[in-house]
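Enquirer: Below is one structure. I have some questions about it.
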């Protein structure tokens, strides 16, 4: 009994702090989206999606996040397979190169694309000098720019997840598959891929939710022309002063990340059942 | 069989170039002496690296960022270390609920936390802006402190504090004289990780700025909207170098990579 009391004494400050300064305000904000003239209702959501721009922004957010997740998986899978086979001294260095960017300010990381894709940036100078185009073209503030920025920002998360999944793969199972007559591709699709899908799912969740909730990249590389959910939310509060629309976007952001988390986890469980 | 295939190795090299290449671009742009941003730069010099130290909004917001970073890191450790200890040493009823509640700040997008604090703390209860920044960042960092310190406590044999208590130490003495010295490295690593996270944080801070109170990343984004000179490249160069130095030092002293 005494021990339980000590334990709760240790937990209480953190629980009280997080409830008071995080949970309560967030719940109050989210509740605002469902409150219609003092009662529960979904009218704010209907009004929000009645605006074609809003539906378009939501769809763009899902599309860019999905595409970045897919490309990250396709690029990082072979890269991770190569990385786990690199001999030790090099391997530590290369792993450092993957992890270090995660510690650096996302603004510094995103700014490079402004340098490269701007009117006087590298891409335009090369294209003009090479005679491909006569005038610098607009590369910044396009969906392509946002996509490249998001991919670069989130790729380390996929790579790290896949590397740790591949490290836990017992080396014998592959040899066994090959001995039993599987060719390289069969061994990959029937053994390696199913046994490492956990890493793929964790990495995919991190990249997708990271893209959906990214603010800096769409703000700097997309601007007001290529809005995503987070930049739209910012605009609703600071330009339009529309708190209700902001609450609706907050609910959408949270619901989307939670749905993807749960959905991918279920996919993982479902296919595991098929495999066994 | 155990050598990486050529195609996979090529993909690895491409991926690393894509991840690291942009840093070199920012570095080169940071050493430009041009009037406006161009790449490759037409002239080279330290002009903009010196300039960023004279921009008043950068000076003031750096001060705020440091105060918020240190304050929220200390706050998160003060709240999180007892939690990690309690969860590892005591059978707490409802521990899964405790864990879930304390990981939520990682799940909820930062922009929502910032807006929620603005609407329901700053505007409703007149919480000062600086205080709202501090509590917002602290809530965000608590999960980091709990996770890193918990991992270290899981590797520490529980018998050692039991032994100390059997030998006559009080519970508090056992914690401060036996347990704490053994998890110092983890606490240090958690502190560095938390500080970096707070220092780079944008979405939580976005709505929590007011007259005279703004963080460095927010001011950098504001500066970019009005100026096209290479200042931000210069400042980014400095930030990358500082981050490298901090991470390298922590790795050497505490083995940061074990905790990330």
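The values are calculated or read from the model by the stated rules, or taken from the named source; none is laboratory data. From a predicted model like this one, the values you see are computed outputs, not experimental measurements. For neighbour counting, all protein chains shown are included, and Cβ atoms are generated from backbone atoms with ideal geometry for every residue, glycine included.
Enquirer: Condition first: at pLDDT 85 or above and in a helix (DSSP H, G or I). Now tell me which residues in segment A:79-91 satisfy that.
Expert: If the condition is that a residue be at pLDDT 85 or above and in a helix (DSSP H, G or I), then A:79, A:80, A:81, A:82, A:83, A:90, A:91 are the ones that fit.
A quick yes/no check of all residues on (1) at pLDDT below 85; (2) closer than 30 Å to residue B:223 by Cα; (3) surrounded by fewer than 16 Cβ atoms within 10 Å (Cβ to Cβ):
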| site | (1), (2), (3) |
| --- | --- |
| A:160 | no, no, no |
| A:167 | no, no, yes |
| A:190 | no, no, yes |
| A:212 | no, yes, no |
| A:238 | no, yes, yes |
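Enquirer: Can you tell me which of A:182, A:176 is more than 8 Å from chain B (Cβ to nearest Cβ), farther than 18 Å from residue B:15 by Cα, out of contact with any helix residue (DSSP H, G or I) (no Cβ under 6 Å at 6 or more places or on another chain) and in a helix (DSSP H, G or I)?
Expert: Unique residue meeting the criteria: A:176.
Enquirer: In addition: Determine whether residue A:72 is buried (at least 18 other Cβ atoms within 10 Å of the Cβ), more than 10 Å from every other protein chain (Cβ to nearest Cβ) and in contact (Cβ under 8 Å) with a residue 40 or more places away in the chain.
Expert: no
Enquirer: Sort out which residues of segment B:24-49 are touching a residue at least 24 places away in the same chain (Cβ under 8 Å), facing chain A (nearest Cβ under 7 Å) and not in a loop (DSSP other than H, G, I, E, B), and write them in order of number.
Expert: B:26, B:29
Enquirer: Still on this structure, I have one more. Show the residue pairs meeting these rules: Cβ distance below 6 Å; 6+ apart or different chains; first residue within segment A:118-147 and outside any loop (DSSP other than H, G, I, E, B); second residue surrounded by fewer than 15 Cβ atoms within 10 Å (Cβ to Cβ).
Expert: A:127/A:133
Enquirer: Residues in segment B:75-94: is at least one more than 30 Å from residue A:172 (Cβ to Cβ), at pLDDT 85 or above and in contact with a strand residue (DSSP E or B) (Cβ under 6 Å, 6 or more places away or on another chain)?
Expert: No, because not a single residue in segment B:75-94 is more than 30 Å from residue A:172 (Cβ to Cβ), at pLDDT 85 or above and in contact with a strand residue (DSSP E or B) (Cβ under 6 Å, 6 or more places away or on another chain).
Enquirer: Something else: Going by the structure shown, is residue A:190 more than 25 Å from residue A:139 (Cα to Cα) and touching a residue at least 12 places away in the same chain (Cβ under 8 Å)?
Expert: Here the answer is yes, as residue A:190 does meet what is asked.
Enquirer: Quick one: is residue B:216 modelled with pLDDT of 90 or more and within 21 Å of the chain's Cα centre (by Cα)?
Expert: Yes; evaluated as a whole, the condition is true for this residue.
Residue by residue, here is whether (1) more than 24 Å from residue A:230 (Cβ to Cβ); (2) more than 8 Å from chain A (Cβ to nearest Cβ) holds:
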site	(1), (2)
B:66	yes, yes
B:69	no, yes
B:82	yes, no
B:88	yes, yes
B:93	yes, no
B:96	yes, yes
B:103	no, yes
B:106	no, yes
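Enquirer: Only one of (1) surrounded by 19 or more Cβ atoms within 10 Å (Cβ to Cβ); (2) in contact with a helix residue (DSSP H, G or I) (Cβ under 6 Å, 6 or more places away or on another chain) is not met by residue A:58, so which one is it?
Expert: Residue A:58 satisfies every listed condition except (2).
Enquirer: Determine which single condition residue B:231 fails, assuming it passes every other condition in (1) modelled with pLDDT of 90 or more; (2) closer than 27 Å to residue B:45 by Cβ.
Expert: The one condition residue B:231 does not meet is (1).
Enquirer: Answer yes or no as to whether residue A:98 is more than 30 Å from residue A:192 (Cβ to Cβ), buried (at least 17 other Cβ atoms within 10 Å of the Cβ) and within 7 Å of another protein chain (Cβ to nearest Cβ).
Expert: Spelling it out, it is not the case that residue A:98 is more than 30 Å from residue A:192 (Cβ to Cβ), buried (at least 17 other Cβ atoms within 10 Å of the Cβ) and within 7 Å of another protein chain (Cβ to nearest Cβ).
Enquirer: Which helices (runs of 4 or more DSSP H) does segment A:1-64 wholly contain that include 3 or more residues that are within 14 Å of chain B (Cβ to nearest Cβ)?
Expert: In segment A:1-64, the matching helices (runs of 4 or more DSSP H) lie at A:2-18, A:24-32.
Enquirer: Hey, another quick one. Go over the candidates B:20, B:52 one by one and state the one that is facing another protein chain (nearest Cβ under 9 Å), in a helix (DSSP H, G or I) and either out of contact with any helix residue (DSSP H, G or I) (no Cβ under 7 Å at 6 or more places or on another chain) or more than 30 Å from residue A:18 (Cβ to Cβ) (or both).
Expert: B:20
Enquirer: How many residues, within segment A:240-262, are more than 10 Å from every other protein chain (Cβ to nearest Cβ) and either surrounded by 12 or more Cβ atoms within 10 Å (Cβ to Cβ) or outside any helix (DSSP H, G or I) (or both)?
Expert: Total meeting the criteria: 8.
Enquirer: Identify, by number, the condition in (1) surrounded by 14 or more Cβ atoms within 10 Å (Cβ to Cβ); (2) within 29 Å of residue B:206 (Cβ to Cβ); (3) modelled with pLDDT under 85 that residue B:34 doesn't meet.
Expert: Among (1) surrounded by 14 or more Cβ atoms within 10 Å (Cβ to Cβ); (2) within 29 Å of residue B:206 (Cβ to Cβ); (3) modelled with pLDDT under 85, the lone unmet condition for residue B:34 is (2).
Enquirer: Residues of segment B:111-137 being farther than 14 Å from residue A:24 by Cα, surrounded by 24 or more Cβ atoms within 10 Å (Cβ to Cβ) and more than 9 Å from chain A (Cβ to nearest Cβ), which ones?
Expert: Passing the criteria: B:133, B:137.
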